Structure formats: C-alpha cells, structure tokens
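J.: Before I ask anything, here is the structure I am working with.
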Amino acid sequence: MASVVVTLDGSVRAPDSPLLYADDLGAVRGDGCFETVLVRDGAPLKGRAHLDRLARSAAALGLPAINDGAWWAAMQRAAMLYGEESGGAEGALRLVYTRGRESVPGTPTAYVSVSPLPERAVRARTEGVSAITLSRGYSTGLGTDAPWLLLGAKTLSYAVNMAAARYAAEQGADDVIFTSSEGRVLEAPRATVVIARGRTLVTPPEEQGILPGTTVRALFDAAEDKGVATAIEPLFPADLVMNDGVWLVSSITLCARVHTLDGRKLPDAPMDETVRSLIDAGIHNTP
C-alpha cells in the first residue's frame, strides 16, 4: 500500500523521492517536533487536537508559530488521498516540523505523510502487550524545574524512547513503562498509561513531565459523557499490579492492554471492552 507525502504548499510529493536536505536540523540534531494521527476512512481523527499539541511543542522549541490553515489543509488532503489509494484503510499520518536547513536559517521544514499502520500497532490492539518497568532517571519535578528539557513536548529527539523499546525487546517484552527517580509511574515510550480501579479510570498527571495524551483526553471525555468515573493522580509501581486493568493508550495503537508486567501475568481486565468502546467513541468526536 503506497504512502502519501504532502508539503504545506499543497504539493503532493513522490514518497520514494528525497525530501530533506542533508543539513536539515531535524535530521542532524533532532531539532523539531512531530505528531502522529490515526487516519480512518480518509479522515484524520482528533486532527485538531494533534495540531494544537504540535503548536505547543513548536512554541516550546522556539520555532515559528505554525500556519494552522496550511497544516490543516495538508492534513486533510493527505488523509483523503491515502483513503482513496487504500480503499479507506487505517493509516498513520505524521506531521513533521523542523528548524530547517543549518545553512539557510529561518526556513523551517514542514510536511505531512501517511503510511500504513505498523504491524506492531495492529498486533498490540488485538493481542495486548507484555511490558517491563524501567527507570527514566529523573524526578517528577524536572519538567517544571527545567523547562528547557522539553519533557512535555513531542520532539523529534526520540533516541532514548527507541533505545528503551529495543531493550524491552531484548528482554522478551513488547513495551516499557517508565518510572521516575521517586518511583512514580510516568508513561510508555509511545503511549500514556491508564489503569482501572473498579470502574474508575486513572492516569498520571502531566505535571510529572509526561506528554499530554490526546487519546487519553478523548477517552476521559467520552467516559464522563457515559458516566464512567475518571481521575488524574500520581501512580506507583504497585498500582500497576493492584488494579482492574492496565492499558497503554496512544493515537495509532489506540488501546493495548498490558497482560504481563515484569514477567508476571496480570489478572483479566473487566473494563477492557468498556475502555475500547469509549476510546472509539472519543476519537470520532470532533475536533
């Protein structure tokens, strides 16, 4: 299935042709930000929420303010073209915004691409995942005390997250749940952590230096509409085993139930079907 690439001037680019210059600061320094959006039936789901978060990440990086209209038009066109080529199949739409070429200051790079869903995401949705807990090596207060570390921004500097994912694979696990130096639960490399206590869904606060999750927000909004209780509060490793379900929630995988943690099989999650249906309802609500 072909991929689609659209630049902010509305041009459709050949996906197998070069797009970046060798000195693009996104490639040589990871100096930029991105978003990944689920495409379904030729439409970007929760696209506005992702565009808003891209704008916040760009502001944190000191990049020029995004051109909202141009980005939205490129997203819509890329999603539509992918939907036509794929027969309405789901895809992963990526927004990429970098500081641009080192030799041409002040000219950011910006484009949108859509490609088929990664097989790991499809498998995680249907089969769930095994995970291990790993220390991220910093305090929950670091995001507030050192904003220049960009802990709440979705930057292109994903080397640590990818290294953690590879380490998990080497240990025979599918994913990672990071913890802070105080032993608080943070997030996964590509997802937000949600647990169930009875019929209450709980996720850690953004103030702990984690990325604000657009899909978790959609889940909690839908839960409130359906009378399902939610809470945002600190979680500890014990909460990952003393609960009624653990999920890794993200915009592409949507919902992956953690069935095994640190080699220990977790109990069944009575809220699993409820969480999945709430996410599905939430992501189809605009914007």
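J.: 222 nm [θ] for the chain, helices only, -39500 (n - 2.57) per DSSP H run of 4+, per residue, to 500?
T.: That calculation yields -9000 deg cm²/dmol at 222 nm.
J.: Please work out how much length the chain gains when fully extended from residue 144 to residue 167, using 0.36 nm per residue of separation minus the C-alpha to C-alpha distance, in nm with one decimal.
T.: Going from the current span to full extension adds 5.5 nm.
J.: For the stretch 93-125 and the stretch 202-271, what is the centre-to-centre distance using only Cα atoms, to the nearest Å?
T.: One Cα centre to the other: 26 Å.
J.: To one decimal place, what orientation-averaged projected area in nm² is obtained for the convex hull of the Cα set of the stretch 4-117?
T.: 6.6 nm²
J.: Would you mind putting 228-235, 192-199 in packing order, based on average other-beta-carbon counts within 10 Å, highest first?
T.: Peptide ranking by packing, descending: 192-199, 228-235.
J.: Moving on. What does the C-alpha gyration tensor say about the overall shape of the chain? Classify as rounded when a/c is under 1.5, otherwise prolate if a/b is larger than b/c, or oblate.
T.: prolate
J.: How much length, in nm to one decimal, is gained on full extension between residue 285 and residue 9, taken as 0.36 nm per residue of separation minus their Cα-Cα distance?
T.: Length gained between residue 285 and residue 9: 96.5 nm.
J.: Among the lysines, which fall within straight-line cross-link reach of residue 46, defined as a Cα-Cα distance under 21 Å, with same-chain neighbours fewer than 8 residues apart omitted?
T.: Cross-link targets: 154, 226.
J.: Determine the relative contact order of the chain: mean sequence separation of Cα pairs under 8 Å and six or more apart, normalised by residue count, in whole percent. Show your work: numbers first, answer last.
T.: Working: 603 pairs, mean separation 55.3, N = 287.
With pairs under 8 Å counted, the relative contact order is 19 percent.
J.: Would you work out the relative contact order for the stretch 4-117, in percent, from Cα pairs under 8 angstrom that are 6 or more residues apart?
T.: For the stretch 4-117, the relative contact order is 37 percent.
J.: Against the longest principal axis of the chain, how steep is helix 47-61, in degrees 0 to 90 to the nearest 10, with axes from Cα atoms?
T.: 80 degrees
J.: I've got another one for you. Give me the one-decimal nm value for the distance between modelled label points at residue 123 and residue 20, 7 Å along each residue's Cα-to-Cβ direction.
T.: Using points 7 Å along Cα→Cβ, the separation is 2.6 nm.
J.: Okay, moving on. In whole Hz and in residue order, list the ³J(HN,Hα) couplings for the stretch 181-198 that follow from phi through the Karplus curve 6.51 cos²θ - 1.76 cosθ + 1.60, θ = phi - 60°; x for Gly and Pro.
T.: In residue order, the calculated couplings are 5, 8, x, 8, 6, 9, 7, 9, x, 10, 7, 9, 8, 10, 10, 10, 10, x Hz.
J.: Oh, and also: Would the stretch 148-287 count as rounded, prolate or oblate if I go by the C-alpha gyration tensor, calling it rounded below 1.5 in a/c and otherwise prolate when a/b exceeds b/c, oblate otherwise?
T.: Oblate, since a/c reaches 1.5 and b/c is not below a/b.
J.: Do you know the relative contact order of the stretch 182-287, to the nearest whole percent, from alpha carbon pairs under 8 angstrom that are 6+ apart?
T.: Here the relative contact order equals 31 percent.
Every number here is computed from the coordinates shown, using simple stated rules; none is lab data. All values reported here derive from a predicted model rather than from experimental measurement. Cβ coordinates were reconstructed from backbone atoms using ideal geometry, including for glycine residues, and neighbour counts include every protein chain displayed.
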